[in-house]
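The values are calculated or read from the model by the stated rules, or taken from the named source; none is laboratory data. Predicted, not measured: the structure shown is a model, and the values here were computed from it. Virtual Cβ from ideal backbone geometry, glycine too; neighbours counted across all protein chains shown. Surface areas here come from the heavy atoms of the whole protein model, side chains and all, with no ligands, DNA or RNA. Shrake-Rupley method; radii C 1.70, N 1.55, O 1.52, S 1.80 Å.
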Amino acid sequence: SAKVAPGEVFTVEVPPPEPAEPEPQDIPLDIVFEDDDLIVIDKPAGLVVHPAPGNPDGTLVNALLFHCGASLSGIGGVRRPGIVHRLDKDTSGLMVVAKNDRAHQKLAAQFADHGRTGPLERAYLAFVWGVPELPSGTVDAPLARHPVSRERIAVRAGGRFAITHWQRVETYEDTQGRPVASLVECRLETGRTHQIRVHMAHIGHPLLGDALYGGGQRTKANRLGEEARAMLETLGRQALHAARLGFEHPSSGEFMSFESELPGDLMRLQEALQGRPREGEAP
C-alpha cells in the first residue's frame, strides 16, 4: 500500500447523488388514447420504460411524470409509477399506464391473468430467421435466468411456465429463391422477460437483429439481398413490435382495442425483405 507523507492532502472526488425519485422530463410521447384513468402510448424503440442502474433518467417514467404530473398511480413505487407492464428498451409498440391506484389494480389483475379467463389481448409482430414448417403453433417452455450469462433468459427445467402462441404472416426468400425469413404474429399467454425472443430462438427461429439470442446473424444476413441486408445492418435492435393491445377499461368495463402499425425502421425492413423498392426508387 502507498505511504502517505505527513501533511500530504488527497482530493477525493465524490459523484453527485442521484435523485431518490425520477424527475419530470419533457420527452415527446406518442399518445394513442388518454382519459382520467389511463394513458395508452406507442413506445419508440430505444426508450427505457423506468429508471434503473445505467438508465437513471430519460425514461418513459420521466416523460409520464412531465405529462401527467402527480396523477400517476403510486402502486408501482416511486421509480415505476403507473407502470402496469413493460416492454424491452429496443421493442417498440403499445403500452397502457395507470393514472390512479384503482385503475392500476384493475389493469394489473388483467395482465396477471394474461387473457386466459379475461379480456386482455396482446399481439406482437416479429421478423424471424427461417420459415416455420407449420402455419401456426405454440411454444410451451419454462423460462429462468441463464445460469452463467445473467443478462440472458433461458429455457430451463424448473423455470416459470411460459406460453407463446405464434402464427405465420409472411415468408421471404433469399437471393437464390430459398426461404430465409418470416414475419410471425405472437400472442402471449404469459408475460415473462424476453419471452418471445427466447421462445422463438428455442424453436430455431430467432428474431432478426437480436444480438442477445440470435447467434450467427451475420452469416444469415449474407443470404439477403443488398437492400434487405442494409436495412438489417442499420436496424440496431431486435425486430419486434407490440402491434395490438386490448383490455377492459377499469371504470366503464368497455373493451378497448388499439393497433399500431410497424414503425418506420421495421416497415423499411419489411419492404426490403419483400423485394419492394422504396418510395421514389425505380423497380
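Odds and ends about this structure:
- Flag for ALA98 being under 19 Å from the mean Cα position of the chain (by Cα), more than 30 Å from GLY236 (Cα to Cα) and open to solvent by 30 Å² or more (accessible area, probe 1.4 Å): no
- Verdict on GLY74 being more than 19 Å from the chain's Cα centre (by Cα) and either aliphatic (A, V, I, L, M) or under 30 Å from HIS165 (Cβ atoms) (or both): no
- Scan the stretch 186-234 for residues that are within 19 Å of the chain's Cα centre (by Cα) and over 30 Å from VAL84 (Cβ atoms) and the total you get is 2.
- Within the stretch 25-53, residues that are without any contact (Cβ under 8 Å) to a residue 40 or more places away in the chain have Cβ atoms under 9 Å from residues that are part of a loop (DSSP other than H, G, I, E, B) and among the hydrophobic types (A, V, I, L, M, F, W, C) in these pairs: ILE27/LEU47, counting only partners at least 6 apart in sequence or on another chain.
- Look at the stretch 117-140: where a residue is without any contact (Cβ under 8 Å) to a residue 40 or more places away in the chain and a partner is open to solvent by 40 Å² or more (accessible area, probe 1.4 Å) and basic (Lys, Arg), sitting 6+ places away or on another chain with Cβ atoms under 9 Å, you get LEU134/ARG168; PRO135/ARG168; SER136/ARG168.
- Of the residues making up the stretch 261-271, one or more are modelled with pLDDT of 95 or more, open to solvent by 20 Å² or more (accessible area, probe 1.4 Å) and basic (Lys, Arg).
- Each residue in the stretch 42-56 was checked for being surrounded by 16 or more Cβ atoms within 10 Å (Cβ to Cβ) and at pLDDT below 90, and 2 pass.
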